[in-house]
Amino acid sequence: MEWLGELERAFASSLYPLRIPIAIGLTIAAVALALFARRRGWLAAARRHPMRTGALALALVAAGGPAAWYLGSPLFIRTALVEPAPSTAPASPDPVASTAPSPPTATDAAQTTQPTEPPATPAPPRSGSFTGADDFHFGRGTATLIETAPGSWIVRFEDFSVRNGPDLFVYLSPDAKGYAEGAVELGRLKATDGDFNTRVPSGTDVAELNSVVIWCKQFAVQFAVAPLA
């Protein structure tokens, strides 16, 4: 289906910026075609054969309707999701007992001499703002890569909004400019708008991953990217 992606990119870069004059031109062409069909008697012929005309119209809808819905419905269907931000706070210590402390024993003294490791400190978060791939594929809001526990990461979306698409996924990419070889798939995009979290697969080395990408997987089209800094 890459040819559809190429067609969609051509539409987004060449035709979408000219959408208003194109819409005016198509309206004029439709009116001219209707006048031409009336003068040639096509409309009268269609009225004389309603069954044949209806069957032809139904065949056209059956052939093109599902594809048109699949490709076009994301343009006006929006979804929203709000999830709480993840917590990275360490566990609180046990409350101090109100009773008087017991006298230390030999075992306690031996334990106090053992060196203790300091608690692990989460890595600092990395964040960036989304930009769309072009005028048609808009994207805005922020993405933040957060370590919630040692070795566990999530991507936090905030004030997020993106053009909807038929098969949108979230990736972490090694290229700050967008999708590239070695990108890690995080799963389907949860919503087109909102504040939500997406978990990074366990064991992922995020050190060399430099952007969060919204990618149409089926047609290989980038919708938005947020470089991480």
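Every number in this text was worked out from the coordinates using simple rules, so none of it is lab data. The structure displayed is predicted, hence computed values, not measured ones. Cβ: placed from backbone, ideal geometry, glycine included. Neighbour counts: every protein chain shown.
Odds and ends about this structure:
- With a cut-off of 9 Å between beta carbons, the residues surrounding LEU81 carry a summed charge of -2, where Lys and Arg count +1 and Asp and Glu -1.
- For region 157-205, average projected area of the Cα convex hull in nm²: 3.9 nm²
- Spacing of the two label points (7 Å from each Cα toward its C-beta) at ALA149 and ARG47, in nm: 7.4 nm
- Other-chain or far-sequence residues with amide H under 5 Å of PHE223's (modelled H): ILE214, TRP215, CYS216
- Contour minus Cα-Cα distance for ARG38 and ASP205 (0.36 nm per residue): 53.4 nm
- Under the simplified labelling scheme, the ARG140-ALA23 pair shows an inter-label distance of 1.9 nm, with each label point 7 Å from Cα along Cα→Cβ.
- Scattering curve values for region 134-225, log₁₀ I(q)/I(0), Debye with Cα scatterers, q = 0.10, 0.19, 0.23 Å⁻¹: -0.22, -0.83, -1.23
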